[in-house]
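The values are calculated or read from the model by the stated rules, or taken from the named source; none is laboratory data. Predicted, not measured: the structure shown is a model, and the values here were computed from it. No Cβ is skipped: glycine too gets one built from the backbone with ideal geometry, and neighbour counts run over all protein chains shown.
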Amino acid sequence: MSAMVLTRKRSRIFRELNTVITVMARDITLFFKSVSTPLMSFAMPLLMMGAIGGNLSKNMAGSLNFKFGPFMLVGMLVNMMFMMTSMNMTSFVEDHHIDFMQEMLVSPVSRYSLVIGKIFGSMFGAILSLVGTLIVGLIMGITLPPAQLLLILALSPLMCLSGGALAMILIGLIKSKTAANMAVSLITVPQMFLSGAIIPINHSDGVLFVLSRLLPMTYCLDLVRSVVYAGTSEYDKVVMFNPVINFIVIVALTVLFLVIGTFLFARSEKNR
C-alpha cells in the first residue's frame, strides 16, 4: 500500500516537473520566433547602461567613496533580470485571449507549475539581457571577475522568480496586454531608481526610505552586491543588510506574491 502511495507521489512530481518544462520550452520557442523580443533584450541594456548609466558615471562618480562603475554594472545586471522577466510575463495576457491557458487549466496539474514554468520561460530573455549588459559594460571599460559573474548567474533564478511573481499580481487583475505592459513598467522602472540600481540609497529618508524598503528589488540588489563586494574594503559602503536577511526577505516576498498572483490569475480564468 505504501509503495502504491509512493508511486503516485512520484508520478505527480514528474507530472508537475513536466508541466514546468513544457510551459518554459513553449515560451523559449516563442521568444525566438519573435524578431523584436531578442532585439529588445539587447537594446534595453544599451539604453539603460549606456545612456542613463554612462551619464551618471560622468557626473557623480567623483563624489562617491567607492568605484561607481562596478556598482552600476551590478545594479543594471539585477535590474535587467528583474525588468525583462516582469515584462515577458505579460504574454500571459495574450495566452488568455487565445484560450491557451483555458486549455492548460483544465489539465490535472498545479496552477503554480504553470506560473513557475512561465516565469522560467520569461527568464530566458532576461538572461540574454544580462549578456547584453555585460557587453555594454565591457565597451564602457567596466568588468567583473568570472567567479563573481558565476555567482550572479547562480542567483539569477531567484531574482527572476521575484520579478515574475510580482508581475503575476498585476496580470491576475489586468486582461488587456497594453494595460498590463504599462502596469508592469510602472512597477519596474521606478524600482531602478528607488532600489539603488544606479543611485546609492544608503542615506535615503522619509517617503523614499519607506518605498525603497518595500521594493523586492532592493533586497535582490543588496544580496548580489554582498556577494560581489564580499571581502573588500568597499563592502560596508555599498551593502546595506546582512545577506541572510536579504535572502529571507526575497524568499518571503516571492512566495507571497506567487500565492496572491496565482490565486488572482486562476480566479480570473475561472470566471471567464
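Condition test on residue 186, is it out of contact with any helix residue (DSSP H, G or I) (no Cβ under 7 Å at 6 or more places or on another chain) and within 16 Å of residue 84 (Cα to Cα)? It is true that residue 186 is out of contact with any helix residue (DSSP H, G or I) (no Cβ under 7 Å at 6 or more places or on another chain) and within 16 Å of residue 84 (Cα to Cα). When the residues of region 214-243 are filtered to those that are in contact with a Ser or Thr (Cβ under 7 Å, 6 or more places away or on another chain) and in a loop (DSSP other than H, G, I, E, B), the one that is surrounded by the fewest Cβ atoms within 10 Å (Cβ to Cβ) is 215. For residue 156, the test of being modelled with pLDDT of 80 or more, touching a Ser or Thr at 6+ places or on another chain (Cβ under 6 Å) and part of a helix (DSSP H, G or I) is failed. Of 86, 129, all but one fail to be part of a helix (DSSP H, G or I), over 16 Å from residue 26 (Cα atoms), modelled with pLDDT of 85 or more and among the polar types (S, T, N, Q); the exception is 86.
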